[in-house]
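Q: Encoded as structure tokens, here's the structure I'll be asking about.
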Amino acid sequence: MTELLPARPVPSPDDERWQEGLHLIGQWLAEYSGNSRTTYADAIGWPYRVTTGEWRGYRAVRQGFGWLAWCHRNGVHLFDAKRLHVLAWIDAAEASRDAETDEPLSKRSRAQMVATASSFYVWAMHDGHTESNPVALIDRRKKGLQASNDPSTTRSLSKAEVRALIHAADNDPVEGVHARSSALIALLFLVGPRVSEVCGAMVGDMYVQDGRRVLRSELKGHKEHIFALPPQVCSRIDAYLASRSDLNRLPVRRGHASAAITPLFATATGKPMLRREVLALVKRIAALAGVDDPDSVHPHVGRHSFITEARRQGYAAESIQHAVGHQYGTTTARYGVHIINLERSPAYGVAAAFDPDTTDG
């Protein structure tokens with residue numbers, strides 16, 4: 001079993017017991033892989049990077065509102081927690097704001113955090129580390145924290161806004177980064193990957209399959225997904241890669257050793273771009289493009305915009321689901337529904353029919 005807890009002091013009200021609890025969290029996370037491990041680590045507030053073991057602190061995960069961060073901040077050991085502690089944590093999370101969007105955490109995000117904490121306690125009970133699950137004592141339905149298939153209300157940009165965004169990225173005035181901005185914005189909005197998949201992509205993950213350019217990504221559960229790359233995206237990525245001094249040729253197939261460990265989107269030092277850096281870039285380009293309320297434009301808006309436009313164009317739900325790598329069709333069905341319903345509202349037709357200037361009978 002992979003060891004996830006680095007051997008270093010952890011600030012806590014009770015060092016020995018606290019480190020033992022972190023060690024158990026590490027053992028639990030080690031039973032997952034890929035994006036699943038990262039998702040659960042973020043949801044529970046794991047204070048280390050799961051890939052490198054690097055300490056990132058409690059405040060760096062979910063703005064410190066993950067279960068681990070809350071327990072640490074309030075001096076509550078994982079296995080001393082009671083129902084009242086979980087209720088206090090849920091209330092604190094409800095009052096928090098998303099680190100990426102500066103908006104209140106959605107019910108789905110909070111529901112995921114609570115469900116993840118409960119999953120850890122179920123695992124700990126099965127392995128004999130505790131006799132109770134304090135999260136199980138909460139009525140999640142009453143707290144509005146059950147998983148829901150309600151339409152997602154995340155913003156989707158219009159065609160004109162996406163065009164303006166791409167134009168602004170193509171003409172990014174910041175010296176030395178316009179090629180990267182152009183490629184990254186095009187990928188986010190014309191292909192629809194998750195920001196984690198963009199940050200985790202390596203140069204060697206882009207190659208030719210059956211005569212088409214594709215980007216390989218690892219989804220939750222260690223599953224491979226292949227994104228189709230349209231020419232408009234390929235040309236921008238090629239231009240960006242050609243401008244980089246750390247690459248001497250573009251990848252044409254999988255298997256190049258150096259390409260396998262070279263980030264597709266890199267900083268000036270050659271390190272992979274972080275989520276917060278992608279977020280800052282997207283917001284800056286949105287402001288340059290003159291998009292209304294640019295602070296509300298974040299990387300996931302690209303995914304929503306992609307799915308919404310695909311729905312507008314009448315692509316089959318199964319095709320859209322496969323294109324973006326959703327495991328379940330019910331997840332895809334949540335995207336863009338509120339936008340499409342607004343656009344197709346009968347209110348427009350009824351208002352036109354009852355307009356006083358209308359002359360027909």
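The values are calculated or read from the model by the stated rules, or taken from the named source; none is laboratory data. Note that the coordinates shown come from a computational prediction; the quantities given were computed from them, not determined experimentally. Here the Cβ positions follow ideal geometry from the backbone for every residue, glycine too, while neighbour counts run over all protein chains shown. Remember, those area values only see protein heavy atoms, side chains included, never the ligands or the DNA or RNA. Shrake-Rupley method; radii C 1.70, N 1.55, O 1.52, S 1.80 Å.
Q: Starting from the 7 Å offset along Cα-to-Cβ, what nm value, one decimal, do you get for the label separation of Asp238 and Glu31?
A: Label-label distance for Asp238 and Glu31, simple model: 4.8 nm.
Q: Before rounding to the nearest 500, sum -39500 (n - 2.57) across all DSSP H runs of length at least 4 in the chain and divide by the residue total; then give [θ] at 222 nm in deg cm²/dmol. Walk me through the intermediate numbers first.
A: On the way: 16 runs with 169 residues, N = 361.
About -14000 deg cm²/dmol.
Q: Still on this model: Would you look at the GNM of the chain, springs on alpha carbons closer than 10 Å, and say which of Leu188, Leu24, Leu84 moves the most?
A: Result: Leu84 has the largest fluctuation of those listed.
Q: Share of Cα-Cα pairs in the stretch 314-357 beyond 14 Å, in percent?
A: Roughly 59 percent, rounded to a whole number.
Q: So for the chain, averaging the separation of alpha carbon pairs under 8 Å that are six or more residues apart and normalising by length, what relative contact order in percent results? Before the final figure, lay out each step's value.
A: Values: 488 pairs, mean separation 56.6, N = 361.
Rounded, it is 16 percent for the chain.
Q: Once you've got the GNM for the chain with C-alpha springs shorter than 10 Å, pick whichever of Gly200, Gly176, Gly349 has the biggest mean-square fluctuation.
A: Comparing Gly200, Gly176, Gly349 in the GNM, the peak value goes to Gly349.
Q: Next question, about the same structure. Given the C-alpha atoms of the stretch 269-361, compute the convex hull and give its volume per residue in Å³. Walk me through the intermediate numbers first.
A: Values: hull volume 15.2 nm³, N = 93.
Hull volume over Cα atoms, normalised by residue count, gives 163 Å³.
Q: Among Ile261, Ile320, Ile237, determine the one that fluctuates most according to a GNM of the chain built with springs between C-alpha atoms less than 10 Å apart.
A: Looking only at Ile261, Ile320, Ile237, the largest GNM fluctuation is found for Ile261.
Q: Carbon and sulfur atoms: what percent of the 1.4 Å accessible area of the chain do they account for?
A: On the way: 9520 of 18660 Å².
Carbon and sulfur together cover 51 percent of it.
Q: Additional query: Each residue of the stretch 303-313 in turn: what ³J(HN,Hα) in whole Hz from Karplus with 6.51, -1.76, 1.60 and θ = phi - 60°, glycine and Pro shown as x?
A: Values, residue by residue: 5, 5, 5, 4, 5, 4, 5, 4, 5, 4, 7 Hz.
Q: Okay, next question. Give me the lysines in straight-line cross-link reach of Lys143: C-alpha distance below 23 Å, same-chain residues under 8 apart excluded.
A: Lys82, Lys107
Q: In addition: Starting from a Cα-only point model with no solvent, please compute log10 I(q)/I(0) by Debye for the chain at q = 0.06, 0.13, 0.15 1/Å.
A: Log10 I(q)/I(0), no solvent term: -0.27, -1.13, -1.37.
Q: Next up: 7 Å from Cα along Cα→Cβ at both Asp295 and Arg108: what's the point-to-point distance in nm?
A: Once both label points are built, they end up 2.4 nm from each other.
Q: Counting only heavy atoms of the protein chains, get the accessible area per residue of the chain (1.4 Å probe) and round it to a whole Å² value. Can you show the working numbers first?
A: Numbers: 18660 Å² over 361 residues.
With the other protein chains kept in place, the chain gives 52 Å² per residue.
Q: Quick one: dipole size for the chain, taken about the Cα centre, charges +1 on Lys/Arg Cβ and -1 on Asp/Glu Cβ, in debye to the nearest 20.
A: The calculation lands at about 460 debye.
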